[in-house]
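The values are calculated or read from the model by the stated rules, or taken from the named source; none is laboratory data. Just so we're clear, the structure is a prediction, and the values are computed from it rather than from any experiment. Here the Cβ is made from the backbone with ideal geometry for all residues, glycine too, and neighbour counts use every protein chain on show.
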Amino acid sequence: MSDFLFADIIIPVALKTSYTYQVDERLKNLIKVGSRVYVQFGIKREYIGVVERLHHDKPDYKGVKSVSRMPQFVPAISLKQLDLWRWISNYYMCTIGEVMDAALPSGLKAGLKDEDIAGSLTGYRPKEEIIISLAERYDEARLNKVLDSMARSPARTRLLTAFLDLTGYGDVKFPQKVRKSELIKKANVSGVVLNTLIEKGIFQKSVIEALRFEQTGKICSPVNPLTSTQIKAKDEIDKFYTDKEVVLLKGVTSSGKTEIYIHLIEEQLKKSKQVLYMLPEIALTTQIINRLKNHFGNEVGIYHSRFNDNERVEVWRRISGDMKDHRFSVILGVRSSLFLPFSNLGLIIVDEEHDNSYKQQDPAPRYNARDTAMILARKHGAKVLLGSATPSVETMFNARNGKYGLVEITERYGKVNMPEMVIADTRDAHRRKIMISHFTPVLINAIEEAIAGGSQIVLFRNRRGYAPVIQCKECGWTPVCRQCAVNMTYHKGLNKLRCHYCGAVQAVPKTCDSCNSTDLEMRGFGTEKIEDEIQMLFPEAKVARMDLDSTRKKGSVDKIISDLEKGKTDILIGTQMVSKGLDFEGLTVVGILNVDNMLLFPDFRSHEKCFQLIEQVSGRAGRRRKRGKVIIQTSDQYHSVMQQAINHDYDAMFHQQINERKEFNYPPYTRLIKIYIKHKEMDTVKRSSMKLAGLLRDSFGSRILGPEYPLVARVQSLYLMTILIKIEPRKSLVKAKEIILWAMEKTKRDPGNSSVRIYADIDPL
């Protein structure tokens, strides 16, 4: 036992363990578990790490480095946060450093090079604002003299007059203050004029910390009364919460689930509790944030990846209470909002709980935010509400087995009819040669009728870009990404080919690389092509597009949605971003193009996902007075999923899927773990994959599937193979992970395998 204090520090990189540092004497009374500290790691790097443990056990190696500095801003990571990090690390088989890296904004974990250590830290900077006030010696008489003396200087007179107007001089006690930016704008003068009056001692300036998020300044309106149907649903939710932690609210599209959420939020705020309201897509926050702020004002904040780093850190500070006068009690956020520093969480709402976007794919941690929300809630003694019109099969299975409470709403708000579902047979239309480009006559007629009636249309195509494939007519050659085994997609806006896996860009070829033919054609269609063709077919219509490419700029999502709300857009073309959660009064027609590629995707969840997408995007139509119409273009109109979709028959879909999964041993009847093996050499991937699969079969037997190549077997210059493991619920998942980790490490120790990347994806989607 040493007299010195040591700290085990989590560093935001993929390290298997934390590292021990000696605590400087000056920090002994300041440092605690969860503190953020500067530590040197390696020869030329300094990181901000997090203290995981404090102790007096001196390490048994020489050259222990010291902790000597702590960042100025943002309080320590709480014990509940650290507990959540450990759970994610253990359950999703990743390092706690990887969890920390995902959990903290860059400004809270910025690393420095040696040459920068003496300088200022590049990271979070509080926003500062200059405040102008009158010098304290000025009373009314002196102000009048100053104004008289400025008679020959109109700019200075305007500036002082503007200040008096903004501060309400004479009504309240002086001195009063005003923002510099506001003062200059009102007076319509330059900063030079203001600086002159400061130099003369008439004005004085000070600097305060300002907010990066606009305050509403509005009087909050009371929540809307619930309908009898909504009251019944809320009462059932409250009853379930007496003995259950999680409740599933299954409500058909436009049934008023959000209004129930708002009432539940209000109840939590009255108890001085915090609420996390999770959504799968950034696009969905635009409409809902306005509804929440209308009722709860400045207590509501947003958190997502489109924020810059300083904005993200400010949200952290306002959640933690570090900015006490401007605290957020309600956060509307995407999956990363789970990592915010909640101190008194009462409720987590996971809206559109079925959505795949809740699952992080790459990099680690590959966590599912819906499932992790339940762990976070348990650590706070909070409740979880899962909401969806089309719950995942696993969630519904848990609800019907009694693990979760189940509350259902079967009618739309205001008793509005569900949309009319129409199947347009593309096979028949092609045979009869009546297709107009990629549109059936049924869809064209519906668009024409909607435009003539002053209604709006959404066209859904789950493929961005202009053309998925460019192909040589002579020999069939297609341009393929140089780093990934996938065709390059043509983007007309860029006039380039882009890889949707690694982002690589290539010039559009003029000749075939194989036979030098110039006869190249574009095949298939994405949202860009639909946009072009719709504008040609309906030249008078105002057309917009909503996909990853059109929403890269900050504020672009808000503008697209605002234009549709204000009637500035007649036809909106989009990918999954338009399929859920959005509410537009004038939208009556939805067209779903080429549903077959979703239906035929080789995955055991493809039918479930196809049904969910159809039901969700169709739910955007006719949400007010006029009944909506949905046209589904397919070549297989008699497929069971098509029949389930046109009848809005979730139960039929669920029972078919649950029976198939029981027969073939898939979730929820097993847990899945997928192992990825990656390397730049194909032979190395094959060899190490076979070795790993053999080791795993020794323990798991027939539960091992593979190794096999996935659909895209090379990404970012790395070849990959996968191994799928099925584990029955009665088997120990902890023991299974121990065996998997042992097999992975043993495989990597083989000669030539040290550079092979092997990792596990728990509960893959």
Cross-chain or 6+ apart pairs with Cβ under 7 Å, the stretch 727-744 first and touching a residue at least 24 places away in the same chain (Cβ under 8 Å), then of a type in the set (D, E, K, R) and surrounded by 14 or more Cβ atoms within 10 Å (Cβ to Cβ): Ile727/Arg671; Ile727/Arg703; Pro729/Arg671; Leu733/Arg671
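With Ala429, Ala446 as the choices, which residue is in the same structural domain as Gln612 (by TED's automatic domain parsing), surrounded by fewer than 20 Cβ atoms within 10 Å (Cβ to Cβ), touching a residue at least 12 places away in the same chain (Cβ under 8 Å) and among the small types (Gly, Ala, Ser)? Working first, answer last.
Values: Ala446 fails: surrounded by fewer than 20 Cβ atoms within 10 Å (Cβ to Cβ).
Every option except Ala429 fails the conditions.
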- request: Tell me the strands (runs of 3 or more DSSP E) entirely within the stretch 1-76 that contain at least 1 residues that are over 35 Å from the mean Cα position of the chain (by Cα).
  value: 6-10, 19-23, 45-55
statement: All conditions in (1) surrounded by 21 or more Cβ atoms within 10 Å (Cβ to Cβ); (2) in a helix (DSSP H, G or I); (3) at pLDDT below 95 are true of Ile302 except (2)
message: Among the residues of the stretch 703-713, are any closer than 24 Å to Arg661 by Cα, at pLDDT 95 or above and surrounded by fewer than 16 Cβ atoms within 10 Å (Cβ to Cβ)?
response: yes
- prompt: Taking strands (runs of 3 or more DSSP E) that fall entirely within the stretch 310-412, which contain at least 1 residues that are of a type in the set (D, E, K, R)?
  reply: 345-351, 383-388, 405-409
message: Return the residues of the stretch 648-689 that are buried (at least 19 other Cβ atoms within 10 Å of the Cβ) and of a type in the set (Gly, Ala, Ser); say none if nothing qualifies.
response: Ser688, Ser689
statement: Considering the stretch 322-371, residues that are crowded, with 22+ Cβ neighbours inside 10 Å and among the basic types (Lys, Arg), and then whichever is nearest to Leu279 (Cα to Cα), we arrive at Arg335
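Conditions (1) under 28 Å from Ala377 (Cβ atoms); (2) at pLDDT below 90, marked per residue:
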{"site": "Arg69", "(1), (2)": "no, yes"}
{"site": "Gln72", "(1), (2)": "no, yes"}
{"site": "Trp85", "(1), (2)": "yes, no"}
{"site": "Ile88", "(1), (2)": "yes, no"}
{"site": "Lys109", "(1), (2)": "yes, yes"}
{"site": "Thr122", "(1), (2)": "no, yes"}
{"site": "Ile131", "(1), (2)": "no, yes"}
{"site": "Ala135", "(1), (2)": "no, yes"}
{"site": "Met150", "(1), (2)": "no, yes"}
Some residue of the stretch 641-648 being touching a residue at least 60 places away in the same chain (Cβ under 8 Å) and within 30 Å of Asp750 (Cα to Cα): no
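Considering Asn294, Asn298, Asn308, Asn290, which residue is under 19 Å from Glu128 (Cα atoms), outside the structural domain of Leu79 (by TED's automatic domain parsing) and polar (S, T, N, Q)?
Values: Asn294 fails: under 19 Å from Glu128 (Cα atoms); Asn298 fails: under 19 Å from Glu128 (Cα atoms); Asn290 fails: under 19 Å from Glu128 (Cα atoms).
Step by step, each of Asn294, Asn298, Asn308, Asn290 is checked, and only Asn308 is under 19 Å from Glu128 (Cα atoms), outside the structural domain of Leu79 (by TED's automatic domain parsing) and polar (S, T, N, Q).
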- request: Return the only residue of Lys737, Lys726 being under 34 Å from the mean Cα position of the chain (by Cα), part of a strand (DSSP E or B) and crowded, with 16+ Cβ neighbours inside 10 Å.
  value: Lys726
task: With the checklist (1) closer than 15 Å to Pro468 by Cα; (2) touching a Lys or Arg at 6+ places or on another chain (Cβ under 7 Å); (3) part of a loop (DSSP other than H, G, I, E, B) in hand, flag the one item Leu494 doesn't pass.
output: (2)
